[in-house]
Amino acid sequence: MILVSQPDFGPAETTAAQTVLESQWVGMGPQTERFEAALASLLGVPHVVATCSCTAALHLALASLESDGRNEVIVPSLTFAATIQAVLMAGYKPVFAEVEPETLNLDCIDVAGLLGPQTRAILPVHFAGQPCDLERLRQLAAQFDVAVVADAAHAFGSTYREAAIGGQGAATCFSFSSNKNISSGEGGALATGSDELAAGARQLRFLGISQHTWARRHQEKPWHYSVAGPGFRYHMSDINAAIGLAQLNRLNEFANRRRQIAATYDAALRDLPWTVPVQRNLAQTIPNLYVLRVTHGLRDALHAAMRLAGIGCGVHYVPNHQQPAFRDFARPLPVTEQLAAEVISLPLHTRLRPDQVEHVAAEASRFLKHARPAREPESRIVTALA
Ligand SMILES: Cc1ncc(COP(=O)(O)O)c(C=O)c1O
């Protein structure tokens, strides 16, 4: 079975993890500090706070915003549930916004209509690695004096107007879980230019303790710590940080391979019937997902046909406003609902061999060329499959 995504670990990652194990210091320590410094330098931001996940980083970023009674965060419904859970964990109400059908990124026109006296932040998701319209969002945020906290789980290594994604807005959060552009096993990071936000996030990350154990090791009384406020246990372990450092050395290799695969799919799937391409600018984006829109109720049939051919595809995502846990925050989102019925993610990861990429493109093309949607598109009945 060809998997829709998988990590790419080799001897360098194994050695890195083994070295940490042999050092007998596996918690947050020197490797985490090195990983944070390397990320800050690559992203061109003053502060990076490494965490156990992007969900944790998003929670920390939102919880570190100065609270002023405003309790809403505008967020797309078409994202992973983690984004919404982070908003709720930080004590905010998610206000679901539409996404643009062309890019699957936050629709700034809808956001403009949703901004109001209760809005504290806008939380764009750089879908599949493609940057949102950050300049428009910055203008809207300035107009309403709200923060922009970005979910860049998919977008590590992507750029916006020549600058790395990570330096814009109040904070940007990355994921290094197994299917991301680089993986530390599990892990995440919060990047920010704000000294206060970084200090707040660092304290919240480690149980409200102002200095973590490794940082206290040379003090006269290394056992003494002060709990300055509430906190979580969201730090990154040195095992994950060491794996992340090894993966950072391979970022260019990964970026090239992901772009190559996306370009191959683009060329093979161009002009096929029943599809609408999702716009992507491969010069500025490291594609984390390859999403195709399949119209006329044919998406599920394509998914099934690909599975029969030994190809695993994904659907990103079930809209959050339709999830039982978030139903209280639902509002009509017709564009999102239509897109959720159309999107399919083809396999995209750096361990795919060229013949596998060709096989995926050929199977998708074969299905789409021969598919005949029913006269009633709603019924989603497909006839005459090849
Ligand atoms: C858009 C988005 N946001 C947040 C997350 C959460 O990342 P993590 O698994 O590192 O918590 C993910 C994970 O896949 C994601 O896709």
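The values are calculated or read from the model by the stated rules, or taken from the named source; none is laboratory data. These numbers were taken from a predicted model, which means no experiment stands behind them. FYI the Cβ positions are ideal-geometry reconstructions off the backbone, even for glycines, and counts take in every protein chain you see.
Would you confirm whether or not the range 209-226 contains a residue that is at pLDDT 95 or above and touching a strand residue (DSSP E or B) at 6+ places or on another chain (Cβ under 7 Å)? The answer is no; no qualifying residue exists. In the condition set (1) farther than 24 Å from Y234 by Cβ; (2) part of a loop (DSSP other than H, G, I, E, B); (3) within 15 Å of the ligand (Cβ to nearest atom); (4) in contact with a helix residue (DSSP H, G or I) (Cβ under 7 Å, 6 or more places away or on another chain), T79 is compliant with all but (1).
Checked against (1) more than 16 Å from the chain's Cα centre (by Cα); (2) in a loop (DSSP other than H, G, I, E, B), F96 meets all criteria but (2). Flag set for Q203, criterion: outside the structural domain of P319 (by TED's automatic domain parsing) and more than 16 Å from the ligand (Cβ to nearest atom). Against the definition (in the same structural domain as V99 (by TED's automatic domain parsing) and either within 16 Å of the ligand (Cβ to nearest atom) or among the small types (G, A, S) (or both)), how does A242 come out, yes or no? Criteria met by A242. Tally the residues that are closer than 24 Å to I182 by Cβ and either buried (at least 22 other Cβ atoms within 10 Å of the Cβ) or within 16 Å of the ligand (Cβ to nearest atom) (or both), restricting the search to the range 281-311. Matching residues across the range 281-311 total 7. For Q6, the conditions (1) in contact (Cβ under 8 Å) with a residue 60 or more places away in the chain; (2) away from the ligand (no atom under 13 Å from the Cβ); (3) touching a strand residue (DSSP E or B) at 6+ places or on another chain (Cβ under 7 Å) are fulfilled apart from (3). Across the range 141-148, a minimum of one residue is classified as touching a residue at least 24 places away in the same chain (Cβ under 8 Å), more than 22 Å from N288 (Cβ to Cβ) and part of a loop (DSSP other than H, G, I, E, B).
Among the residues of the range 62-76, the ones that are away from the ligand (no atom under 16 Å from the Cβ) and in contact with a helix residue (DSSP H, G or I) (Cβ under 7 Å, 6 or more places away or on another chain) come to 1 in all.
Quick one: count up the residues across the range 149-161 that are over 13 Å from the mean Cα position of the chain (by Cα) and either in a strand (DSSP E or B) or within 15 Å of the ligand (Cβ to nearest atom) (or both). Residues flagged as over 13 Å from the mean Cα position of the chain (by Cα) and either in a strand (DSSP E or B) or within 15 Å of the ligand (Cβ to nearest atom) (or both) within the range 149-161 amount to 2. The selection criterion, being more than 16 Å from I122 (Cα to Cα) and either within 14 Å of the ligand (Cβ to nearest atom) or hydroxyl-bearing (S, T, Y) (or both), does not hold for A86. If the condition is being within 10 Å of the ligand (Cβ to nearest atom), in contact with a helix residue (DSSP H, G or I) (Cβ under 8 Å, 6 or more places away or on another chain) and part of a loop (DSSP other than H, G, I, E, B), then the range 171-188 contributes F176, S177, S183, S184, E186, G187.
Considered as a group, the residues in the range 195-213 that are surrounded by 18 or more Cβ atoms within 10 Å (Cβ to Cβ) and touching a His at 6+ places or on another chain (Cβ under 9 Å) include one that is nearest to S67 (Cα to Cα), and that residue is L197.
The residues of the range 108-130 that are surrounded by 23 or more Cβ atoms within 10 Å (Cβ to Cβ), in contact with a strand residue (DSSP E or B) (Cβ under 9 Å, 6 or more places away or on another chain), assigned to a loop (DSSP other than H, G, I, E, B) and in contact (Cβ under 8 Å) with a residue 40 or more places away in the chain, listed by number, are L123, P124. For the range 279-292, the count of residues that are more than 21 Å from V99 (Cβ to Cβ) and touching a Lys or Arg at 6+ places or on another chain (Cβ under 8 Å) is zero. Residues considered: G231, G310. Of these, the only one that is small (G, A, S) and within 25 Å of L60 (Cβ to Cβ) is G231. Against the numbered list (1) within 12 Å of the ligand (Cβ to nearest atom); (2) surrounded by fewer than 16 Cβ atoms within 10 Å (Cβ to Cβ), H59 comes up short only at (2). Within the range 20-56, restricting attention to residues that are over 18 Å from R205 (Cα atoms) and outside any loop (DSSP other than H, G, I, E, B), the residue that is farthest from the ligand (Cβ to nearest atom) is E22. Does G167 fit the bill of being at positive phi, in a loop (DSSP other than H, G, I, E, B) and touching a residue at least 24 places away in the same chain (Cβ under 8 Å)? No: the conditions fail for G167.
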